[in-house]
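Single-structure report; data block below.
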Amino acid sequence: MLLSYLKIAWKVLLRRKVFTAISLFGISFTLMILLVVYAMYDYTVGPHRPELHVDRMLFVSRMQLLYRDGGQSNNSVGYAFLDQHIRTLKTPEKVSLSEANYGVAVAYVGQQVLKLDLKRTDGEFWQVLDFEFLEGRPYNPGEVRDAARLAVLTATTARRYFGTDRGVVGRPIEIDAVRYRVVGVVQDVAVARLNSYAEVWTPVTTGPDNLRKPDLLGGYQAIILARQAADVPAIKAEVQQVVRHTPLPDPKQFKQLNMRAQTLLASYTARSDNDAGADGGVGRFTKVVLGLGLLFMLLPALNLVNINVSRTLERSGEIGVRKAFGATAGRLVGQFLVENIFLTLLGGALGLALAAGALALLNSSHLFAYSTYALNARVFGVALGMVLFFGVLSGAYPAYKMSKLQAVQALKGDTGA
């Protein structure tokens, strides 16, 4: 039965090529835009290197102090506080401390000035995150304690400074007039991975900051790796226990301290929302994105509904004959939905091809540094869901309308339209 429906659908599509072309264009263009956006979203917060185990990772990167007069202070967290209270949590497998944001450092190659994005980290940084080492190794916790002047470079940085990304381990690199020894070269990290991105990483103990300074606010973050995804809620609760037992710096001036262990997505959404709640603003972000996505799909869906109604009006005679021979309303609805989903699947295949081309152009433009957007299994799954939703959304009403026609009425061509 399904094969027969598909054969009929194919013949119907070929019968009115202009309508079919308009429908395919609307579907494929809509899906292309949505898939490009989702591919970028997945590449930013999905399980990609170096946050490969994103399902069991949490980030403590923001602290908020609320003043009694109604103001607030928001910043990254002090290193000493994180070292004393977050590194010592009992539930996680590993905890890493690093600068929350990269800074710009300067290196010279002859007369050329290289501005490099530098992040200072501890040794656990390389154990919590999954970098792809092209050669060499990371610096370890012992070398960080000894304030060893070591550096890990990205492949692009190595090529810019040394002219090659191979055979540079052990060679010196001078950054901000300080000489470091290269111990490893890693694959480039997308700038969208704000918590781990840099072009050069060096031990946190080689920086200018006083890491023992007891201030709550500072310039650092903690990246927490749970033993398993099921431990994430327990770690969040453990962090909240720390917050509750942390005394305010000046109870007369401040009334509340807020700090949370957040998912990768929440660590991004909370950066732009100082009043984000316990979920870091993810709920609000999700509602807005879904609303915009549905609105974007609704406009071409309404156009496709009109085209489908016009197409089915032309088939009133066929509907009447089928009804006369006992076809039920449910079977007719099923046939028209299959035909419409078949059309949207064709549009979806074209949309995937267009999305792949658009992502390739985006990658070649280098608009987003070191980013390599691509279609993967998750994007394909979302594409299939969008196609099915689009097919049902745009085909249900025309199918229902035509299935309710009486056989005699349909044979006479009286559709009531």
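The values are calculated or read from the model by the stated rules, or taken from the named source; none is laboratory data. Computed from a predicted structure; not experimentally measured. Positions of Cβ are backbone-derived with ideal geometry, glycine not excepted, and every protein chain shown enters the neighbour counts.
Just one residue in the set 252, 236 is part of a loop (DSSP other than H, G, I, E, B), at pLDDT 70 or above and in the same structural domain as residue 213 (by TED's automatic domain parsing); that residue is 252. Just to verify a result, which residue in the stretch 39-82, among those that are of a type in the set (Gly, Ala, Ser) and under 19 Å from the mean Cα position of the chain (by Cα), is surrounded by the most Cβ atoms within 10 Å (Cβ to Cβ)? Only one residue fits best here, namely 61.
Taking residue 368, is it modelled with pLDDT under 75, at negative phi and surrounded by fewer than 19 Cβ atoms within 10 Å (Cβ to Cβ)? Answer is no for this residue. Applying the condition of being of a type in the set (A, V, I, L, M) and surrounded by fewer than 15 Cβ atoms within 10 Å (Cβ to Cβ) to the stretch 83-109 and asking which residue is farthest from the chain's Cα centre (by Cα) yields 109.
Working carefully through the options 276, 222, 270, 230, find the one that is surrounded by 13 or more Cβ atoms within 10 Å (Cβ to Cβ) and part of a helix (DSSP H, G or I). So that I can check it myself, show each step before the final result.
Numbers: 276 fails: part of a helix (DSSP H, G or I); 222 fails: part of a helix (DSSP H, G or I); 230 fails: surrounded by 13 or more Cβ atoms within 10 Å (Cβ to Cβ).
Sole residue among the options that is surrounded by 13 or more Cβ atoms within 10 Å (Cβ to Cβ) and part of a helix (DSSP H, G or I): 270.
In the stretch 92-138, which strands (runs of 3 or more DSSP E) lie fully inside it and hold 2 or more residues that are among the small types (Gly, Ala, Ser) and at pLDDT 95 or above? Reasoning before the result, please.
Values: elements: 94-99, 103-109, 112-121, 133-136.
Where strands (runs of 3 or more DSSP E) fall fully within the stretch 92-138 and carry at least 2 residues being among the small types (Gly, Ala, Ser) and at pLDDT 95 or above, they are 94-99, 103-109.
List the strands (runs of 3 or more DSSP E) inside the stretch 163-219, counting only whole elements, that have at least 2 residues being crowded, with 16+ Cβ neighbours inside 10 Å and in contact with a Phe, Trp or Tyr (Cβ under 7 Å, 6 or more places away or on another chain). Step through it out loud before you land on a result.
On the way: elements: 172-175, 178-186, 200-203.
Fully inside the stretch 163-219 and qualifying: 178-186, 200-203.
Listed residues 118, 150; which is closer than 15 Å to residue 189 by Cβ, buried (at least 16 other Cβ atoms within 10 Å of the Cβ), among the hydrophobic types (A, V, I, L, M, F, W, C) and assigned by TED's automatic domain parsing to the domain that holds residue 228? Even if it seems obvious, please write down each step before you answer.
Details: 150 fails: closer than 15 Å to residue 189 by Cβ.
Checking each option against the conditions leaves just 118.
So which residues in the stretch 55-91 are assigned to a loop (DSSP other than H, G, I, E, B) and among the aliphatic types (A, V, I, L, M)?
Within the stretch 55-91, the subset assigned to a loop (DSSP other than H, G, I, E, B) is 61-62, 68-71, 78, 87-91.
Within the stretch 55-91, just 89 meets the criteria.
In the set 183, 178, only one residue is free of Cβ contacts under 8 Å to residues at least 40 places away in the same chain and assigned by TED's automatic domain parsing to the domain that holds residue 95; that residue is 178. Listed conditions (1) closer than 25 Å to residue 226 by Cβ; (2) of a type outside the set (Ser, Thr, Tyr); (3) in contact (Cβ under 8 Å) with a residue 24 or more places away in the chain are all met by residue 105, apart from (1). Scanning the stretch 244-296 for residues being in contact with a helix residue (DSSP H, G or I) (Cβ under 9 Å, 6 or more places away or on another chain), closer than 21 Å to residue 70 by Cβ and in contact (Cβ under 8 Å) with a residue 60 or more places away in the chain gives a total of 4.
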